[in-house]
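**Q** Structure in structure tokens, see below.
The values are calculated or read from the model by the stated rules, or taken from the named source; none is laboratory data. What you see is a predicted model, and the numbers here were worked out from it, not measured in a lab. Reconstructed Cβ throughout: ideal geometry from the backbone, glycine too, with neighbour counts over all protein chains shown. These area figures cover heavy atoms from the full protein model, side chains too; ligands, DNA and RNA do not enter into them. Shrake-Rupley method; radii C 1.70, N 1.55, O 1.52, S 1.80 Å.
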Amino acid sequence: MPSEDLTPNLYAHDPDELRSAVGADSPLLHDLHRVWNDKALGLIYEDYAHNTPFHLESAEHYGRDAVMTIALQTLAAFPDLRVLDTETIWSGNEQDGTVSQRVTWSGRHLGHGIYGPPSGAAVQIRVLVQRRLRVGRVVEEWLVRDEAALLRQLGHDPGEWISRQPQSAAPAASQTHGELVRAQGQQAPPLVLEGDPSNPAELPGRLYGLIWNARMLSAVSDFYAPDAVIWGPGNRRLQGHADLQAFLLQLLSAFPDAVLQPDEVTYQGNKVAARWTFMGTHDGPSVYGPPAASAYASPASATLA
């Protein structure tokens, strides 16, 4: 199945369109949009609490100074970066709530940074971000970006590139989890889950519990439309039940003890945002390379509609 055309068009959105996409009723999101698109980096000091935990898929950071550092490093490497919000889901309100967003990052690799010297390559990736708000400030943030797609667009092989990187000084997510548990004691994971399947708040837990943790891949047809489109890591486009089952089989064969733990769910109408943690041991051959027998854990997010 061909992938969606994500060829960057950096000038497809004028500044007014980019600003209006945020929503005029959200001064906080408007500020955060300006951080990236207008390089108004000082707004980070106003809009983030000083001790904000900042969770990336590869490392844990702490404090708004860490948020500033990451923003500076990202914009130094991609100085013409443009961020377009494609979907926003609120739970609560801007003063005291949670906001989940699906956004698109577009830019050109014009500066030095963690991806090496400037290549001039144009990139465009999907990013999922969830922010917890208190008294109108961000007090915790989770950000997951399609790093594999980014690396490929920069001309790197993701596996080789990651293997060459030094260990981060920040604690990796895999260091924060112990034994992987999919059921109580020696019991099997439940194959029937209680609850209302039509309740959007319960949908992610039921879906992940049956399909991922109980390995009931046959339940894909219970949760997904026959022609459902699912976007996976590396800008991989899956369509339909067979594509999704094949993807799950590949991932679970690489991480046979994998556990998917839902952490937070927000929803508006029929749109659902779920943040979850994937944990497993790389014990099987796969696209990720030969088995490394190393534990892995990473925060991740999804939007369902």
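**Q** Quick one: which strands (runs of 3 or more DSSP E) sit completely within the range 192-287 and have at least 3 residues that are without any contact (Cβ under 8 Å) to a residue 24 or more places away in the chain? Full working, then the answer.
**A** Working: elements: 229-232, 236-239, 259-268, 271-281.
Fully inside the range 192-287 and qualifying: 229-232.
**Q** Sticking with this one: State whether one or more residues within the range 96-108 are part of a loop (DSSP other than H, G, I, E, B) and not β-branched (Val, Ile, Thr).
**A** No, that holds for no residue.
Condition check ((1) of a type outside the set (S, T, N, Q); (2) within 18 Å of Phe54 (Cβ to Cβ)) across all residues:
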{"residue": "Ser100", "(1), (2)": "no, yes"}
{"residue": "Val103", "(1), (2)": "yes, yes"}
{"residue": "Arg108", "(1), (2)": "yes, no"}
{"residue": "Leu128", "(1), (2)": "yes, yes"}
{"residue": "Arg131", "(1), (2)": "yes, yes"}
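**Q** Now for a separate question. Does the range 34-53 hold any residues that are of a type outside the set (Phe, Trp, Tyr), open to solvent by 20 Å² or more (accessible area, probe 1.4 Å) and in contact with a strand residue (DSSP E or B) (Cβ under 6 Å, 6 or more places away or on another chain), and which are they?
**A** Pro53
**Q** Determine which member of the set Arg152, Arg145 is open to solvent by 60 Å² or more (accessible area, probe 1.4 Å) and either in contact with a Leu (Cβ under 7 Å, 6 or more places away or on another chain) or more than 18 Å from Lys271 (Cα to Cα) (or both).
**A** Details: Arg145 fails: open to solvent by 60 Å² or more (accessible area, probe 1.4 Å).
After ruling out the rest, the residue left standing is Arg152.
**Q** Out of all the residues in the range 242-258, is one or more modelled with pLDDT of 85 or more, buried (at least 17 other Cβ atoms within 10 Å of the Cβ) and of a type in the set (Ser, Thr, Tyr)?
**A** no
**Q** Scan the range 95-125 residue by residue and report those that are hydrophobic (A, V, I, L, M, F, W, C) and open to solvent by 30 Å² or more (accessible area, probe 1.4 Å). Walk me through how you get there before you give the answer.
**A** Applying the first criterion (hydrophobic (A, V, I, L, M, F, W, C)) to the range 95-125 yields 99, 103, 105, 110, 114, 121-123, 125.
Residues satisfying the conditions are Leu110, Ile114, Ala122.
**Q** Checking Phe223 against (1) in contact with a helix residue (DSSP H, G or I) (Cβ under 8 Å, 6 or more places away or on another chain); (2) open to solvent by less than 40 Å² (accessible area, probe 1.4 Å); (3) closer than 29 Å to Gly92 by Cβ: exactly one of these is not met. Which one?
**A** Phe223 satisfies all of (1) in contact with a helix residue (DSSP H, G or I) (Cβ under 8 Å, 6 or more places away or on another chain); (2) open to solvent by less than 40 Å² (accessible area, probe 1.4 Å); (3) closer than 29 Å to Gly92 by Cβ except (2).
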